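So the structure is just underneath, and the comments pick up after that.
The values are calculated or read from the model by the stated rules, or taken from the named source; none is laboratory data. No experiment lies behind these values; they were computed from the predicted model shown. We place every Cβ from the backbone using ideal geometry, glycine too, and count neighbours over all the protein chains shown. Note: areas computed on protein heavy atoms with side chains; ligands, DNA, RNA excluded. Shrake-Rupley method; radii C 1.70, N 1.55, O 1.52, S 1.80 Å.
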Amino acid sequence: MRFPVLGLLVLVVPVLAFAVPPRALAAQSATQPARPDVMALIRADQWSEAEAAAAEHADPVVGKLVTYFRLLAPGAASAREIGRFMTENADWPLQYLLARRRDEALAAEADDAAARAECARATPRLAAALLRCAAVASPAERPHLAAEAWIAGPANAAWEARFPPEDAALLTAQDQWNRFAALA
């Protein structure tokens, strides 16, 4: 698995294991082939197959768990989808990791309208996502978001080269000092 949710697996596996009672499993094996192992499909990043297998379960939580694990996987969901899940399920664990995946997806979002909508919904923390928000922001919001992106960015030449010149022109001496303080 590509994400650190071993502790959550310990809680989830019993739920999935008992989604079908043992007596029903014995009857099922005699009459029809066994259901696919949802957790094995999740571990293999086979999301569409895992969602199809979860749909065969009577308990809707199984499907929601498949969605949750997919949202935790890097690059497996859009920023909008992750943000919506976070809003609807604020009490689910690993919100910090969901927020990171949302920010990563936002930084890679090619659609300006989708990026603008997600930036308006929640301010990201990752520098690359902040930079994406600055790129689609209104002229009034752009300097603030560009400064946040600059301050949050890593101390390397690649980041500095990636930072747009038009945003660099918006930075103040205080922004430069705040970046220095953050890096120090």
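Label points 7 Å out from Cα along the Cβ direction at residue 169 and residue 181: separation in nm?
Here the modelled spin labels are 2.8 nm apart.
Only sites in a loop by DSSP and with at most 16 other Cβ atoms within 10 Å count here; which trypsin sites (Lys or Arg not before Pro) in the stretch 46-126 make the cut?
Taking the stretch 46-126 and a limit of 16 other Cβ atoms within 10 Å, the loop trypsin sites (Lys or Arg not before Pro) found are 125.
State the extension gain, in nm to one decimal, for the chain segment bounded by residue 61 and residue 110, taking 0.36 nm per residue of separation less the distance between their alpha-carbons.
14.4 nm
Note down the nm distance, to one decimal, between modelled labels 7 Å out along Cα→Cβ at residue 161 and at residue 37.
So the label points at residue 161 and residue 37 sit 4.6 nm apart.
If I compute solvent accessible area with a 1.4 Å probe over the protein chains, what percent of it on the stretch 51-161 is carbon and sulfur?
Looking at the stretch 51-161 in its full context, I get 56 percent from C and S.
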